[in-house]
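A.B. asks: This is the structure, below, for whatever I ask next.
The values are calculated or read from the model by the stated rules, or taken from the named source; none is laboratory data. All values reported here derive from a predicted model rather than from experimental measurement. Positions of Cβ are backbone-derived with ideal geometry, glycine not excepted, and every protein chain shown enters the neighbour counts.
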Amino acid sequence: MATISGNLQAARARVRRAARAAGRDAAQVIVLAASKAHPPERLREACAAWQRVFGENYVQEAMEKMDALADLQSLALEWHMIGPLQGNKARLAAERFGWVQTVDRERIARRLSDARPPELPPLNVLIQVNVSGEASKSGAAPRDVPALARATAALPRLKLRGLMAIPEPGGDVAQQRARFRAVRELYDVLCAEGLALDTLSMGMSDDLEAAVAEGSTMVRIGTAIFGPREQRAASPAHAAIA
């Protein structure tokens, strides 16, 4: 039976192979463990296998896990919000997370900046790009990203680090790479405009090789680490985040 430790080793090996094939240093690619719907005990197992970066989709669920793992504070766990964020959850996200990867409109960016406690370092944020133009998916349209990036970078309690994307699933490797390439090219445009960016969050369990080939610096891996998620009804707190 596969263990989380073994799954993490396999995921990291995939990243190393993908980076080598692309002529890149694997150390440039962070493995984020996407832990939505998995209990704290599973995250604790991942921590024992030297995993330190976790991504959660729901603020309330993440806070419960943060509290359950409070005894691991010395490990300096890094928590990323990787799910869509509504304004009514911005304060909690700004207070408890180190990163929010799903900024897709200026109103959310401003709420996060206003709510970030002054005793904490600026909140690291990424702009989510809806690169495939899917109506059901969050993210800013590519044409709107430059203006949003400039506005976000100017906010005092935020640090804009780069872009995040969840392209339409499926397709062959060439199609996957084309979608990720579009995000990377947009990232390059922003860098050329003078924004100091360093993060491209692209790629998941099924397409991380294509993402790494196109310059991803962070892959969000859930199923390949933790296995299938448990199916359960959303709580009212979770349902409030759309």
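A.B. asks: Cβ-Cβ distance below 9 Å, separation of 6 or more or different chains: which pairs start in the range 119-145 with a residue that is loosely packed, with under 12 Cβ neighbours inside 10 Å and end on one that is modelled with pLDDT under 95?
C.D. replies: What qualifies is Gly133/Glu168.
A.B. asks: From the set of residues in the range 207-242 that are more than 18 Å from Arg16 (Cβ to Cβ), of a type outside the set (A, V, I, L, M) and assigned to a loop (DSSP other than H, G, I, E, B), which is modelled with the highest pLDDT?
C.D. replies: Gly222
A.B. asks: For residues that are farther than 17 Å from Ala210 by Cα and loosely packed, with under 14 Cβ neighbours inside 10 Å, tally how many sit in the range 155-188.
C.D. replies: Qualifying residue count for the region: 2.
A.B. asks: Right, another one. Being touching a helix residue (DSSP H, G or I) at 6+ places or on another chain (Cβ under 7 Å), modelled with pLDDT of 95 or more and farther than 18 Å from Leu160 by Cα is true for just one of Ala46, Ala70, Ala13, Ala76. Which residue is that?
C.D. replies: The conditions single out Ala46.
A.B. asks: Would you pick out the residues in the range 6-41 that are over 23 Å from Glu64 (Cα atoms) and polar (S, T, N, Q)?
C.D. replies: Once the filter is applied, which keeps residues that are over 23 Å from Glu64 (Cα atoms) and polar (S, T, N, Q), the range 6-41 yields Asn7, Gln9, Gln28.
A.B. asks: Would you call Asp188 at pLDDT 95 or above, outside any loop (DSSP other than H, G, I, E, B), acidic (Asp, Glu) and under 27 Å from Asp25 (Cα atoms)?
C.D. replies: yes
A.B. asks: Which one of Val15, Val31 is in contact (Cβ under 8 Å) with a residue 24 or more places away in the chain, β-branched (Val, Ile, Thr) and not in a helix (DSSP H, G or I)?
C.D. replies: Val31
A.B. asks: While we're looking at this one, here's another question. Tell me yes or no: at least one residue of the range 156-176 is closer than 21 Å to Pro122 by Cβ, of a type outside the set (Asp, Glu) and more than 20 Å from the chain's Cα centre (by Cα).
C.D. replies: yes
A.B. asks: Has the range 6-23 got at least one residue that is surrounded by 15 or more Cβ atoms within 10 Å (Cβ to Cβ), more than 19 Å from the chain's Cα centre (by Cα) and either of a type in the set (Asp, Glu) or within 13 Å of Ile225 (Cα to Cα) (or both)?
C.D. replies: Yes, the conditions are met somewhere in the range 6-23.
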